[in-house]
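Please treat every number below as a calculation from the coordinates, not as lab data. Remember, it's a predicted structure, so these values are computed and weren't measured experimentally. We place every Cβ from the backbone using ideal geometry, glycine too, and count neighbours over all the protein chains shown.
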Amino acid sequence: MNLHHLVVAFFVLISLHISVKAQTLHLEKDGQKVMIISGDQTLATYWFDSLLSKPILYPVMSPSGIPITRQFPFEDVEGESHDHPHHTGVSFTYGSDHEVNGNSFWANPHDKIPIGEKPRLPQIRHIAFEDAEATPDKVKMICDLHWIGDDGIPVLLEKRIMEFVVDKDQYYIDFSIKLSPFAATVTFEDTKEGMFAIRVADWLAENANGTLYQSTGRYINAEGDQSEEGIWGKRSAWVNLQGAYAGKTVGLTIMHHPSSLNFPTYWHARGYGCFAANPIGQKAYQEGRNLEHPEERTLTLQKGEEALFKFRMLIYEGPRTKSQLDQDYEIYSN
């Protein structure tokens with residue numbers, strides 16, 4: 001069976017409802033979008049339109065359907081924050097000033113959709129679903145992506161595995177991502193602008209720039225540090241952001257797996273709503289924390305080498321204590 005027939009058969013299979021712990025998971029494909037649906041509630045959409053500067057999960061919802069991703073720049077909502085148009089959904093990208101072999105993948109904006117007749121370069125482009133499967137316990141997608149430089153030549157191959165598991169009042173998405181060079185050598189220069197990121201809805205941020213919602217979120221990390229001031233630029237195994245919406249407590253935890261590159265990661269966690277783990281960058285964080293003798297760090301991959309990045313994004317409803325979050329991380333890390 002060739003890849004085309006495999007992908008067609010996959011989407012026929014996963015359009016069927018699958019019982020998962022008293023939930024019903026299925027996927028629906030609509031053009032260049034794949035919706036992950038629990039019962040009649042869409043939890044997340046994998047959007048890989050060729051005009052996007054990078055594939056993203058957008059929108060991402062809580063288990064009961066509360067939006068946890070900001071709508072801008074895809075929707076122009078009066079009063080919502082309009083800063084940083086390149087902060088969109090859940091993404092994996094790096095570099096705002098030519099840090100990946102002279103290319104900037106993080107800072108490419110999605111001003112409006114569509115953004116033009118041709119893709120904007122540099123671009124991270126979804127190439128194919130290599131494989132996918134649905135079981136009673138989870139949905140799994142394996143995607144091939146190319147990081148394409150501003151000259152139109154692929155720089156990196158990204159092999160991304162995303163696994164979605166639903167339970168009562170929570171679900172999680174596991175990401176296992178391997179990067180390997182097409183070129184003889186690929187160097188990631190040191191920058192704070194990366195890497196595994198979500199732009200959260202204004203209500204979940206600590207102090208968003210918009211006026212439509214009251215910001216209710218509060219960061220806490222594995223060491224018990226709190227708020228942007230206490231967490232930005234530090235290393236930690238996990239960081240949580242918890243807030244309130246329409247009388248419900250909703251939280252989001254990003255966890256860094258011990259087998260992942262440069263564990264534990266630095267955190268680019270901003271109060272206005274950018275929530276990112278950056279396991280490559282270092283110097284800007286050390287400078288921001290007023291560390292004596294900050295040290296620059298780069299990652300160089302030769303052809304045939306690969307770097308592994310593993311994260312879990314846990315999305316839940318109902319208040320959760322640090323002790324509970326520690327237990328959540330213990331389950332993931334083991």
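Have a look at Ala107, Ala205, Pro59 and report the one farthest towards the positive end of the charge dipole of region 3-333, computed about the Cα centre with Cβ charges (Lys/Arg +1, Asp/Glu -1). Ranked along the dipole, the leading option is Pro59. Amide H to amide H distances under 5 Å link Gly281 with Thr191, where only residues 5 or more positions off or on other chains count and H is placed in the peptide plane.
Here the simple spin-label model places points 7 Å from the Cα toward Cβ, and for Glu78 and Leu308 these points are separated by 5.2 nm. Each Cα pair under 8 Å and six or more residues apart adds its sequence gap; the mean of these over the residue count of the chain is a relative contact order of 16 percent.
Mind listing which GluC sites (Glu not before Pro) in region 200-306 are in a DSSP loop and have 10 or fewer other Cβ atoms within 10 Å?
Working: sites: Glu206, Glu223, Glu228, Glu229, Glu287, Glu292, Glu295, Glu296, Glu305, Glu306; in loops: Glu206, Glu223, Glu292, Glu295, Glu296, Glu305, Glu306.
Answer in residue order: Glu292, Glu295.
Electrostatic bookkeeping for Ala197 treats Lys and Arg as +1 and Asp and Glu as -1; over the other residues with beta carbon under 14 Å from its beta carbon, the sum is +4.
Quick one: net charge around Thr185, please, counting Lys, Arg +1 and Asp, Glu -1 for every other residue with C-beta under 15 Å from its C-beta. If you can, show how the numbers build up before the last one.
Details: positive: Lys303; negative: Glu99, Glu189, Glu305, Glu306.
Every neighbour counted, the sum reads -3.
Full extension from Asp150 to Thr321: what is 0.36 nm times the residue separation minus their Cα-Cα distance, to one decimal in nm?
On the way: separation 171, 0.36 × 171 = 61.56 nm, distance 4.53 nm.
Extending this stretch completely gives an extra 57.0 nm.
Sorted largest first, the spans of the alpha carbon positions of region 192-311 along the three principal axes are 50, 32, 25 Å. Sorting the Cα pairs of the chain by distance into bins of 10 Å, from 0 upward, gives 6, 26, 36, 25, 6, 0 percent per bin. Taking label points 7 Å from Cα along the Cα-to-Cβ direction, Asp225 and Ala246 give a separation of 3.5 nm.
Taken one residue at a time, the phi angles of region 80-91 give Karplus couplings (6.51, -1.76, 1.60, θ = phi - 60°) of 7, 5, 10, 7, 6, x, 7, 8, 9, x, 9, 9 Hz. Gly and Pro are set to x.
Mean residue ellipticity, 222 nm, helices only, the chain: the sum of -39500 (n - 2.57) across DSSP H runs of n ≥ 4, divided by residue count and rounded to 500, is -3000 deg cm²/dmol. For region 34-95, GluC sites (Glu not before Pro) are listed when DSSP marks them as loop and at most 15 other Cβ atoms sit within 10 Å of their Cβ; the list is Glu75, Glu78. Residue-wise HN-Hα couplings along region 230-235, as the Karplus relation 6.51 cos²θ - 1.76 cosθ + 1.60 with θ = phi - 60° gives them from phi, are x, 10, 4, x, 9, 9 Hz; Gly and Pro carry x.
How about region 148-249: which trypsin sites (Lys or Arg not before Pro) there lie in a loop by DSSP and see at most 12 other Cβ atoms within 10 Å?
Details: sites: Lys159, Arg160, Lys168, Lys178, Lys192, Arg199, Arg218, Lys234, Arg235, Lys248; in loops: Lys168, Lys192, Lys234.
Listed in order of number, the matching sites are Lys168.
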